[in-house]
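Any read-out appearing in this document is the output of simple, stated calculations on the displayed coordinates, not a laboratory observation. These figures come from a predicted structure and were not determined experimentally. A quick note on method: Cβ atoms are made from the backbone with ideal geometry, for glycine too, and the neighbour counts reach across all protein chains shown.
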Amino acid sequence: LVKFVDPVLRISAEEGGCPGIPAFLKRGVSGGPAASPDPHFYFSRIQVQNASLICGNNEKNMLEFTRLSGVAESPGLYFSKDNAFQFSLAGFFRNKGSDILSPMEVRGRVAADRTVRATLELSGVEMEGLEPLYSEYLSQVAEEGRIDLRSALRISKGTLTADCALEVKDIVLKEGPARDIDAPLVAGFILFFNFRSKTLRFKDIRGNFLKMLPGLQ
């Protein structure tokens with residue numbers, strides 16, 4: 001067992017790069033026997049307590065998660081760059097510009113080929129905290145609101161695919177036709193994001209919420 005208490009992790013994709021599996025699972029350990037390209041770590045469980053995770057290259061697009069606790073476990077005898085492992089993590093998403101924390105939970109598995117499959121649940125997220133989705137789309141029709149989100153995620157070869165279902169609560173719409181949308185506001189969609197090109201696309205939009213956003217019909 002390896003335990004990390006109160007760690008702070010910052011993820012910032014380099015130009016032309018993308019977030020991925022921690023580097024220590026991909027390459028030899030410095031100081032090891034000839035920096036072997038096939039490292040093995042003789043523990044099967046990693047535990048994290050009260051962690052913070054900050055993602056993004058700048059303040060506008062930065063996402064912050066706090067009070068994270070969870071575990072990663074290898075089904076084999078120990079961790080290896082060629083072995084799969086499963087993980088679970090629970091904590092809070094920090095909404096921008098406020099002290100409001102939204103509960104978050106994620107569970108999943110990393111395959112031997114470094115493909116990640118996971119389920120994500122977020123509750124009570126302030127709409128303004130969903131950058132760049134808010135600045136590009138949501139801000140055009142809504143002033144405020146809270147979102148519950150459930151998503152099945154797949155990350156592979158620099159691409160994120162997310163099959164999402166969301167419900168919008170306590171929404172305050174801007175003046176115009178959008179006020180005629182009947183509650184509750186719900187949506188389902190598939191999101192594609194390329195970490196290298198920073199391209200964001202939506203597909204198979206369902207429900208009455210995202211269909212009212214310009215550019216997503």
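The 3J(HN,Hα) values that the Karplus relation (6.51, -1.76, 1.60; θ = phi - 60°) gives for the stretch 195-200 are, in residue order, 5, 6, 8, 6, 8, 10 Hz. Gly and Pro appear as x. Amide hydrogen proximity for M104: with H placed 1.01 Å from N in the peptide plane, the residues at 5 or more positions away or on another chain lying under 5 Å are G91, F92, F93. Between K198 and M62, the simple spin-label model (points 7 angstrom out along Cα→Cβ) gives 1.7 nm.
Rounded to the nearest 0.05, what FRET efficiency do L1 and R107 give with R0 = 25 Å and r taken as the Cβ-Cβ distance? Could you check? Walk me through the intermediate numbers first.
Working: r = 20 Å, r/R0 = 0.78.
Computed FRET efficiency for L1 and R107: 0.80.
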